[in-house]
Amino acid sequence: SDDEENKIVCILAYLGILFFLPLAAAPESQAGRFHANQGLVLFLVSVAGHILFTILSWVLWFMSWVFAFLSAVWGIAIFCLMILGMLNAAQGERKPLPFIGSIRIIK
């Protein structure tokens, strides 16, 4: 099946900037496109969150410790979503990630 043939590149799609690997290795694969989209959305949400917490800690410098803590929690949440996506890809499933899985950038 499509999921089994492209399992490795689908797993790697959740490692940040490597979201494009399924698109390059198997451009016609529906599983590859699904996991590439999930990886891209996860990457963009991760970067946006860290940028937001950095800006807030600069603007509200007297509360920077709060934003440093929130940034760490954000990183742990992103890591958990990454592991969940990798597990889904390893099992050959196309489950959307919680909270962000419904966002479609790559059709």
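The values are calculated or read from the model by the stated rules, or taken from the named source; none is laboratory data. Because the structure is a prediction, the values reported are computed rather than measured. So basically every Cβ, Gly included, is an ideal-geometry build from the backbone, and we count neighbours across all protein chains shown. Surface areas here come from the heavy atoms of the whole protein model, side chains and all, with no ligands, DNA or RNA. Shrake-Rupley method; radii C 1.70, N 1.55, O 1.52, S 1.80 Å.
Mean residue ellipticity, 222 nm, helices only, the chain: the sum of -39500 (n - 2.57) across DSSP H runs of n ≥ 4, divided by residue count and rounded to 500, is -22000 deg cm²/dmol. Between 0 and 90 degrees, rounded to the nearest ten: what's the tilt of helix 30-59 against the longest Cα principal axis of the chain? So the inclination is approximately 10 degrees.
With Rg and the Kirkwood Rh both taken from Cα atoms, where does Rg over Rh land for the chain? Here Rg/Rh amounts to 1.08. Note that region 64-71 has calculated 3J(HN,Hα) couplings of 4, 5, 5, 6, 5, 5, 4, 5 Hz, one per residue in order, obtained from phi through the Karplus relation 6.51 cos²θ - 1.76 cosθ + 1.60 (θ = phi - 60°); glycine and proline are x.
What's the carbon and sulfur percent of region 15-92's accessible surface, probe 1.4 angstrom, rounded to a whole number?
That fraction is 81 percent.
Grab the Cα-Cα distance for Phe69 and Lys95, subtract it from 0.36 nm times how many residues apart they are, and report the gain in nm with one decimal. Before the final figure, lay out the partial values.
Details: separation 26, 0.36 × 26 = 9.36 nm, distance 2.98 nm.
The Phe69-Lys95 span can extend by a further 6.4 nm.
Could you give the length gained by full extension between His50 and Ser1, i.e. 0.36 nm per residue of separation minus their alpha carbon distance, to one decimal place?
Values: separation 49, 0.36 × 49 = 17.64 nm, distance 3.72 nm.
Stretched fully, the His50-Ser1 segment lengthens by 13.9 nm.
Label separation (Trp58 vs Leu87): 3.7 nm, computed from points 7 Å beyond Cα along the C-beta direction.
Compare the peptides 56-63, 16-23, 88-95 by average per-residue count of other Cβ atoms within 10 angstrom and give them in order, highest first.
On the way: 56-63: 11.6, 16-23: 18.1, 88-95: 16.1.
Packing proxy ranking, top to bottom: 16-23, 88-95, 56-63.
Enter the accessible area per residue of the chain (Å², integer; probe 1.4 Å; all protein chains in place).
Working: 6270 Å² over 107 residues.
That works out to 59 Å² for each residue.
In this simple spin-label model, placing a label point 7 Å from the Cα along the Cα-to-Cβ direction at both Cys80 and Ala24 gives a separation of 3.2 nm.
Take every pair of alpha-carbon atoms less than 8 Å apart whose residues are at least six positions apart; their mean separation over the length of region 14-103 yields a relative contact order of 30 percent. Ordered by residue, what ³J(HN,Hα) values in Hz, to whole numbers, does region 80-92 give under the Karplus form 6.51 cos²θ - 1.76 cosθ + 1.60, where θ = phi - 60° and Gly and Pro are x? With the stated coefficients, region 80-92 comes to 5, 5, 5, 5, 4, x, 5, 5, 4, 5, 5, 8, x Hz.
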